[in-house]
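Novice: Following this message is one structure expressed as structure tokens.
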Amino acid sequence: MIWLRLPWREFFENLNVDGLSGMIAVIRSSCDIGVGEVVDTANQLSYLIDESGAVFLGQIDAHDTQYDDHLVSHVIVESDIDEDEIPSGHCIPNLTLDLYPTKEFEETFHTNKPTAYTSVVVSIFAFTSLVFLLYDYFVGRRQRKFMDRIVKQDQIVSNVFPTAIRDRLYESGQKGGSDQDCLLDPLGGGLGSGGAPLADLFPETTIMLADITGFTAWASAREPAQVFILLETIYGGFDKQAYRHSVFKVETV
């Protein structure tokens, strides 16, 4: 039978990991444990393992009970020798190594990096959202200006030309360019640009020429407002009749 004497402090010093400190190692034995030349009836030893080495804390269980749930236990010696074969006055122990963290060990894992990373991600998200909102605002404003211009031009064209002629102008513009060019310049494809003129043949056509007899002498003796009211009334009534009978009024002079 061979007996070994193991210096635990040197054993734990070789187990230390750089950068980690503050572990409590508790050795539990099924026999009495001796320290040096002294043999006590205690069956447990405690060591503090840190970066400088291992420090003996005593023949006690020195770990903090609040870390009981973080226990890492390992059986390092397990004897299967029959007790009858062991000489009297001797004991072959079963040794268990229990490791517990300390407050110092816990604090090594406390860091501000998650907060810093979160702040960076939130900042990037906020900046991206701001850029998107600004982009959406300016694009929307540009689209609104564009549509306002289109609506105004459409109103002008509708006032100048009948609906049928207006539609044909738009169709002619679409054939000569893009939809956007047609909207911005509905006359570009029809009048004054070298395109095919909008002309139709009517074998039977009536042209009416009308004049107001004595208008010059009457207008000379009236205020400008009175003349304007008369002309507006006559032209308005004529336009209503032309629209009612689907007559295209070329021009009023």
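All of the numbers you see were taken from the coordinates with simple rules; none came from a lab. The shown structure was predicted, so the numbers you read here are calculated from the model rather than taken from an experiment. No Cβ is skipped: glycine too gets one built from the backbone with ideal geometry, and neighbour counts run over all protein chains shown.
Novice: Give me the distance in nm between label points sitting 7 Å out from Cα along the Cα-to-Cβ direction at residue 65 and residue 243, one decimal.
Specialist: Reported label-point gap for residue 65 and residue 243 is 9.7 nm.
Novice: Here's something else I'd like to know. Work out how much length residue 80 to residue 117 would gain on full extension: take 0.36 nm times their residue separation and subtract the Cα-Cα distance, in nm to one decimal.
Specialist: 7.9 nm
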